[in-house]
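What follows is one structure encoded as structure tokens, with my remarks underneath.
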Amino acid sequence: MFENIHWPSILFSVLIAAIILFIFYSRKQMTKSVKKLPEDEFINVMRKGQLIDIRKKVEFDEGHINGSRNIPLALLSKSVSRLRGDQPIYLVCADGKQALRAGLLLQSKNFTQIYALDGGIKSWSKPLKTKK
């Protein structure tokens, strides 16, 4: 009865389906962890919490929102103790995608008020501060 079934193909198909489901689930969790804000709304609230730029230091030095602190995404998990849990966190990244990953990490560390500039620094139309 089962002689004609090609088990490796079936197992491979099940594995691919599981990977696809995991990717969709991960994406859904990421988007739930961070509320994206358009620039005008972001400007209105960003001073009411912690403004964190998660880009690399070189990118931050080239131009950043005045008042933001640079904690690169690669160092964020080790720097969580520098963040206050009682204040909202406003994230800025290059294009809006890395903020989702940062938000998921922060959510796993029990932060609940996590917001991000929709489109990242690329969508910012106001002047940037540069390191001289």
Cα-Cα over 19 Å, subset of Lys35/Lys126; Lys35/Lys129; Lys97/Lys129; Lys56/Lys109; Lys57/Lys122; Lys78/Lys129 = Lys35/Lys126; Lys35/Lys129; Lys97/Lys129; Lys56/Lys109; Lys78/Lys129
In degrees rounded to 10, the 0-90 angle between helix 98-108 Cα long axis and the longest Cα principal axis of the chain is 80
Taking every pair of alpha-carbon atoms in the chain, what share in percent sits in each 5 Å bin, from 0 to the bin with the longest distance?
-> 2, 10, 18, 20, 15, 9, 6, 5, 4, 4, 3, 2, 1, 1, 0, 0
Once both labels are modelled 7 Å past Cα along the beta-carbon direction, what's the Asn4-Arg69 spacing in nm?
-> 6.7
Cβ under 11 Å from His64's Cβ, His64 left aside: what net charge do those residues give with Lys, Arg +1 and Asp, Glu -1?
-> +1
Arrange the following residues from fewest to most other Cβ atoms within 10 Å of their Cβ: Phe60, Phe22.
-> Phe22, Phe60
Measure nothing but the geometry: give the 0 to 90° angle between the long axis through the Cα atoms of 7-33 and the longest principal axis through the Cα atoms of the chain, rounded to 10°.
-> 20
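Values quoted throughout were computed directly from the atomic coordinates according to the rules given, and no laboratory measurement underlies them. Computed from a predicted model, the values in this text were never measured in an experiment. Every residue, glycine as well, gets a Cβ built from its backbone with ideal geometry; the counts of neighbours run over all protein chains shown.
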